[in-house]
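The values are calculated or read from the model by the stated rules, or taken from the named source; none is laboratory data. None of the values given here were measured: they were computed from a predicted structure. Heads up, the Cβs are rebuilt from the backbone with ideal geometry, glycines too, and the neighbour counts pull from every protein chain shown.
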Amino acid sequence: METTTPISEIPLKSSLSSFFSFLVRLLRMREAALVILIIAIGLALQIITGRFFTTPNLNAISLGFATSAIIVIGMTMALVSGGFDLSVGSVFAMGGVVTAIALRADFPIPIAILCGAGAGVVAGLINGLLITKIQINPFITTLGMMGIARGVSLAVTEGTVIAGLPSQFYIFGQGRTLDIPNLILIALFMILVGDILMRRSALFRQIYYVGGNDEAARLSGINVDRVKIAVFTMSGLLAALAGVLSVSRFTVADPGAGVGEELRIIAACIIGGCTLRGGKGTVLGGLLGLIFVGFINNGMILLRVPVYWQQLSMGVVLLLAVGFDTVSQRWQMRPRGRKVG
Amino acid sequence: MSPLLECVGITKRFPGTLALDDVRFELEPGEIHAVMGENGAGKSTLMKILSGVFTADAGEIRFGGIPVTPASPREALMLGIAIVHQELSLIPTLTVAENIFPSRLPTNALGMVRYNELFRQAQEVLEKLNVDVNPRATVETLSIANQQLVEITKALSSNCKVLILDEPTSTLTDHETNTLLDFLRRLAAEGVGIVYISHKLKEIFQLADRVTVLRDGKYVGMRVVNEITPDDVIRMMVGRELGNIYPPKGQEVGPSLLEVRNLRMPDSQTHNSFQLYQGEILGFAGLIGSGRSELARAIFGLDARAEREILLNGYPIKIASPRDAIAQGLGYLPEDRKAAGLFLEMSIKLNIEAPIIHEVSSGMFVSPAKERELARQYVRQLNISTPSIEQEVRRLSGGNQQKTLVAKWLAIKPKILIVDEPTRGIDVGAKKEIHFLLRSLAESGVGIIMISSELLEILGMSDRILVMHEGAIVAEYSAEDATEENIIRAASSHKGE
C-alpha cells in the first residue's frame, strides 16, 4: 500500500489521560453504573434501617430472585438475538407442573426433572421454529406460546396445586451447602456459566451478530435460523428449569405461578443494558438489573412503604434507565458531527 | 410565449463536489423531455431542485414565466410540479382511492370519511386518465406497473402541470413499459409537460420530443430527438477523462479460477456462463436492475432457487449457503453496506472477525489477544482512521466503514472476492485506496468480480468487462477494446453502427 498516507495515527496517550478514558469507559458500561447504584442503595438502606446487610435479609432477597435470575440468562439471549420471549412465565409454571406430575407418578427425581426441562425445550423449540421457518414475529409467537403453556399447566392440574412430593426433591430449593442456600448456589453457577459463554464463547458470539444485523450475519456465513432456534430453545429450557427449582423451594407446583414474570424479566434485562433492537447486552447486566429492582423493592418493605408502590418503582426505574441511555447516546453523537457526503 | 418551465444557471454545490454547474433546462406544455447522463452526471440533483427537495445555490427557475423557488416538495406540488420517484411512496395496505387522496379525503359533518364519495372521485380521476384500476383494490394486490400508474394518478390528481419521472421503467417488463409509455403520450397530448429520466436509449427514442444531456454536473446540450441518432446521444454523454487516478492494470492473468455454468435465475429463461481467471479483475457493467447483484448473490449461495454449476479450479463445488461460499474462499461485499454489510452498532474488531470467529478462538472461547491482533493488523493494513479498534462502526466515515467491510473479507483470506459497488458514496481518497487495494489483491492471485454502475470505475479497474442487460450477459470486452460508448450501447441494448 505504498500509495497511501496515514490520515491519523493512533494517538499516544499519557498515563493520566488513559486513566481518565478508562474511567469514562467504565461509567459508560451499564454494569459498572448499576454496581455503583446497587452499593449506594444498599449503604443508604443500611444507614436508615440498620438491618439491610444482615445474612437473613440478604438471603431472603437472593432467594427471592434466584429463579428469576436463571430466566434472565435465556431472556438475555433472546433480546441479544433481536427477539424476546413472552412465554417464560408460563413455561416456568409448566416446567414445575410437569416435574411434579412425574414425581407423583413415582418417576426417579432426575428423570422427573428431565421431563420438566423437556417440556421447556419443546415449547422453546416450537417458538424458534415458528419464528424462523414460518416467520411469525417473536411477539405473536411467544404470546401464543404464553397462552398454550399456561393452558397446558392449568388443564393437566385442573387448576389446582400439586403437593406431596418426595422430600429428597426439596434439597435443591431448601437445602444448604456451607450454610448457603443451594438455590442461590445453583443460580449463581448458571449465571456465571451463562455470562462467560455469552462473553467469550465463539458459538454464543453468533447471537450478537444475528441481533446486530441478521442480513450481515447471513452474509458472514452464520446460520441465522439455527442460531435463533437455539436461542428460543435455551430460553424455554432455562425457564422450565427455574420452574422446577421453584417447585423444589415452595414444595408445591402451582399452575398459576410466574404470571407477569416475562415482563419483569424483560424490564430487568433492559435496565441491565439489553435493547429491543438486539445485538447488545450481557447476562451479568440482566442480573444486576434484577438485583437493582430487588433492592429498591426490599428497601420499600424495610421502610414499610405499602406493597402497592413496588410495581411503580419497577416502571420508573425502567423508564429512567432507558431514557438516560437514549439521551446520553444522542448527546455523545452530537459533538462528533455527521460524516460528509 | 414563454416555456412552461425554464431553468437557467442552476448551480448546486455539495461538500467536496460541484453537483450542478450552470445547468439549463426548459419544458414546453405537452412536451416529453428526456434528461440523460451517466451516474453522477447530476440528473437526480436537478430533479430534486425542481421538486423542492434541494434549493439551488445559484440560478433561476421560471414557472410559466414567473420566477419561483420551491422550498419543499409540498410547495413544488402546490405550484403544479410533481415527481414520481423510483421507489414508490404508496401505502400498500390501503385502497387505491385512499392513496390518491391522502390529505383530501371527503368527510361528513362528524369527520368520518365518506367512502362512496371517495371511491366515486377516485373512479372519476382514474377514468379521466384512462387508468384501468379498481379504486377499491388495496395497492399491494396490484402489479408494480399498475402501482406506478396509481402513483402518477396521485401526482396528477392535484392539478399538476409538470410531471417528473425518475427511471420509471427500471422494474417493469416490456409489456408494462409499453403500457406506461402509451399512458405518458396521452398525458402529454392533454398538455402536461413530462420530464423523463432514463438510461434506456430505446425508450427515449420511442417517447421523447427533446433530450437534454448532462455530464459531470454540466450542461452538454439539448437536441430534438427526431433530428439525431442514439449514437449522437452516446457521444454527448461520454468523453470524460479517465485520468491517472487508477492503478495500473494487471500484466497477465493466471489459469481459470472460477467457472460459472448455466446460471439461471427463477422466473427467467436466460442462462449465463462465464469464467474468472486468477489475478484478474472482472468488471460487471450494466444499468441498475440489469441483474448483476442477483447474479452475485446467486453465486454466493444467497438464492436457493437459482440453478447453476460452479467450478473452482476446474472442480465442481457445491455452494448452498454463504457459509459454504466462505468455506470455499469466496467473499461478497454487498451493495448496501449499512443494511447488509456491517454490524453498525458493533466495534470494528467484532465486524472484522465476524466470518472467522473460530480463527480468533482457542478451543471454544474467543481469545481477546488474537481478536485484538487481527483487528489491529487490518486497521493498519487498510489505513482505517479510528481512535481504537473498539470504535463502533456507525461512528466512522463512509470511507472507513467501507474499509472495515473490505477488512472483514480480507480476513477470510479469499481466493475470490465479489465486490458490489465497492466505492459508492465514499470520499475520493478512500475510493482511491480501495482501488489500489483491490489491484494489489488481484496481483497476489485473488480473482475479483467487480460490479459497478460507475462507468469510469469499470473502465479504470477492470482487466475484462462483461455487460449485462435484462438479466443476460450481452457483451464481453477486453480492457483494450472497452470504451464508454460500446459499454453504454451494450448496457442499453442499442446495437448501433
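The numbered conditions (1) at pLDDT below 90; (2) more than 20 Å from the chain's Cα centre (by Cα); (3) not hydrophobic (A, V, I, L, M, F, W, C) are all true for B:ARG439 except (1). From the list A:LEU320, A:LEU287, A:LEU312, the one residue that fits, being part of a helix (DSSP H, G or I) and either modelled with pLDDT of 85 or more or among the basic types (Lys, Arg) (or both), is A:LEU287. May I ask you to list the residues in segment A:245-265 that are touching a strand residue (DSSP E or B) at 6+ places or on another chain (Cβ under 9 Å) and either within 14 Å of another protein chain (Cβ to nearest Cβ) or surrounded by 24 or more Cβ atoms within 10 Å (Cβ to Cβ) (or both)? Within segment A:245-265, A:SER246, A:VAL247, A:ALA253, A:PRO255 meet the criteria.
Select, from A:LEU183, A:LEU165, the only residue that is in contact (Cβ under 8 Å) with a residue 40 or more places away in the chain, more than 14 Å from every other protein chain (Cβ to nearest Cβ), within 20 Å of the chain's Cα centre (by Cα) and crowded, with 19+ Cβ neighbours inside 10 Å.
On the way: A:LEU165 fails: within 20 Å of the chain's Cα centre (by Cα).
After ruling out the rest, the residue left standing is A:LEU183.
Taking segment B:331-368, which residues are of a type outside the set (A, V, I, L, M, F, W, C) and at the interface with chain A (Cβ under 7 Å from one of its Cβ atoms)?
Keep residues of segment B:331-368 that are of a type outside the set (A, V, I, L, M, F, W, C), which gives B:331-332, B:334-338, B:341, B:345, B:347, B:349, B:351, B:353, B:355, B:358-359, B:361-363, B:367-368.
B:TYR332, B:PRO334, B:GLY341, B:GLU345, B:PRO355, B:HIS358, B:SER361 - these are the residues of segment B:331-368 that are of a type outside the set (A, V, I, L, M, F, W, C) and at the interface with chain A (Cβ under 7 Å from one of its Cβ atoms).
The residue list B:ILE418, B:ILE465, B:ILE412, B:ILE449 contains one member that is surrounded by fewer than 23 Cβ atoms within 10 Å (Cβ to Cβ) and β-branched (Val, Ile, Thr), which is B:ILE412.
Residues checked against (1) surrounded by 16 or more Cβ atoms within 10 Å (Cβ to Cβ); (2) out of contact with any helix residue (DSSP H, G or I) (no Cβ under 7 Å at 6 or more places or on another chain); (3) under 30 Å from B:GLY429 (Cβ atoms):
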site: B:LEU330; (1), (2), (3): yes, yes, yes
site: B:LEU342; (1), (2), (3): yes, no, yes
site: B:LEU374; (1), (2), (3): yes, no, yes
site: B:ARG380; (1), (2), (3): no, yes, yes
site: B:PRO387; (1), (2), (3): no, yes, yes
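Within segment A:210-229, the only residue that satisfies the criterion of being farther than 16 Å from B:ILE356 by Cα, in contact with a helix residue (DSSP H, G or I) (Cβ under 6 Å, 6 or more places away or on another chain) and at the interface with chain B (Cβ under 7 Å from one of its Cβ atoms) is A:GLU215.
Got a sec? Which of B:ARG395, B:ARG424 is within 29 Å of the chain's Cα centre (by Cα), surrounded by fewer than 22 Cβ atoms within 10 Å (Cβ to Cβ) and more than 9 Å from chain A (Cβ to nearest Cβ)?
Numbers: B:ARG395 fails: more than 9 Å from chain A (Cβ to nearest Cβ).
Matching residue, one of B:ARG395, B:ARG424: B:ARG424.
Scanning segment B:337-393 for residues that are among the aliphatic types (A, V, I, L, M) and touching a residue at least 60 places away in the same chain (Cβ under 8 Å) turns up just one, B:LEU342. Taken over segment B:250-267, the criterion of being surrounded by 14 or more Cβ atoms within 10 Å (Cβ to Cβ) and at pLDDT below 80 is satisfied by B:GLY250, B:VAL253.
Please list, ordered by residue number, the helices (runs of 4 or more DSSP H) wholly in segment A:103-207 having 3 or more residues that are at pLDDT 90 or above and closer than 25 Å to A:LEU86 by Cα. Even if it seems obvious, please write down each step before you answer.
Values: elements: A:109-129, A:138-157, A:171-174, A:182-200.
Hits in segment A:103-207: A:109-129, A:138-157, A:182-200.
Any idea which residue in segment A:225-236 is nearest to the chain's Cα centre (by Cα), counting only those that are surrounded by fewer than 22 Cβ atoms within 10 Å (Cβ to Cβ) and hydrophobic (A, V, I, L, M, F, W, C)? Top of the filtered list is A:ALA230.
Residue count for segment A:220-237 under the criterion of being of a type in the set (S, T, N, Q) and either in a helix (DSSP H, G or I) or under 23 Å from A:ALA163 (Cα atoms) (or both): the result is 2.
Would you confirm, using the coordinates I've provided, whether B:GLU371 is among the acidic types (Asp, Glu) and more than 12 Å from every other protein chain (Cβ to nearest Cβ)? Steps first, answer last, please.
Working: among the acidic types (Asp, Glu): yes; more than 12 Å from every other protein chain (Cβ to nearest Cβ): no.
No.
Within segment B:2-20, residues that are on the phi > 0 side of the Ramachandran plot have Cβ atoms under 9 Å from residues that are modelled with pLDDT under 80 and outside any strand (DSSP E or B) in these pairs: B:GLY16/A:VAL340; B:GLY16/A:GLY341; B:GLY16/B:ASP427; B:GLY16/B:VAL428, counting only partners at least 6 apart in sequence or on another chain. When segment A:325-341 is filtered for residues that are modelled with pLDDT under 75 and in a helix (DSSP H, G or I), the ones remaining, listed by number, are A:ASP325, A:SER328, A:GLN329, A:ARG330, A:TRP331, A:GLN332, A:MET333, A:ARG334, A:PRO335, A:ARG336.
Here is a yes/no grid of residues against (1) touching a Lys or Arg at 6+ places or on another chain (Cβ under 8 Å); (2) farther than 30 Å from A:GLY124 by Cα; (3) within 14 Å of another protein chain (Cβ to nearest Cβ); (4) modelled with pLDDT under 90:
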position: A:GLY50; (1), (2), (3), (4): no, yes, no, yes
position: A:PHE53; (1), (2), (3), (4): no, yes, no, yes
position: A:ASN59; (1), (2), (3), (4): no, yes, no, yes
position: A:LEU63; (1), (2), (3), (4): yes, no, no, yes
position: A:ILE70; (1), (2), (3), (4): no, no, no, no
position: A:VAL80; (1), (2), (3), (4): yes, no, yes, no
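Here is a list: A:ALA267, A:ALA240, A:ALA257. Which entry is in a helix (DSSP H, G or I) and touching a Phe, Trp or Tyr at 6+ places or on another chain (Cβ under 9 Å)? Give the steps one after another, and end with the answer.
On the way: A:ALA267 fails: touching a Phe, Trp or Tyr at 6+ places or on another chain (Cβ under 9 Å); A:ALA257 fails: in a helix (DSSP H, G or I).
Just one listed residue meets the conditions, A:ALA240.
Assess whether B:ILE488 counts as being touching a helix residue (DSSP H, G or I) at 6+ places or on another chain (Cβ under 6 Å) and among the β-branched types (Val, Ile, Thr). Answer is yes for this residue. With respect to the stated conditions, B:LEU417 fails to be farther than 23 Å from B:ARG439 by Cβ, part of a strand (DSSP E or B) and more than 11 Å from chain A (Cβ to nearest Cβ). Of all residues in segment B:105-120, one or more are touching a Pro at 6+ places or on another chain (Cβ under 8 Å), without any contact (Cβ under 8 Å) to a residue 24 or more places away in the chain, farther than 30 Å from B:ASP216 by Cα and β-branched (Val, Ile, Thr).
For segment B:65-120, filtered to residues that are surrounded by fewer than 18 Cβ atoms within 10 Å (Cβ to Cβ), more than 23 Å from B:ILE144 (Cβ to Cβ) and among the β-branched types (Val, Ile, Thr), the residue that is farthest from the chain's Cα centre (by Cα) is B:THR107.
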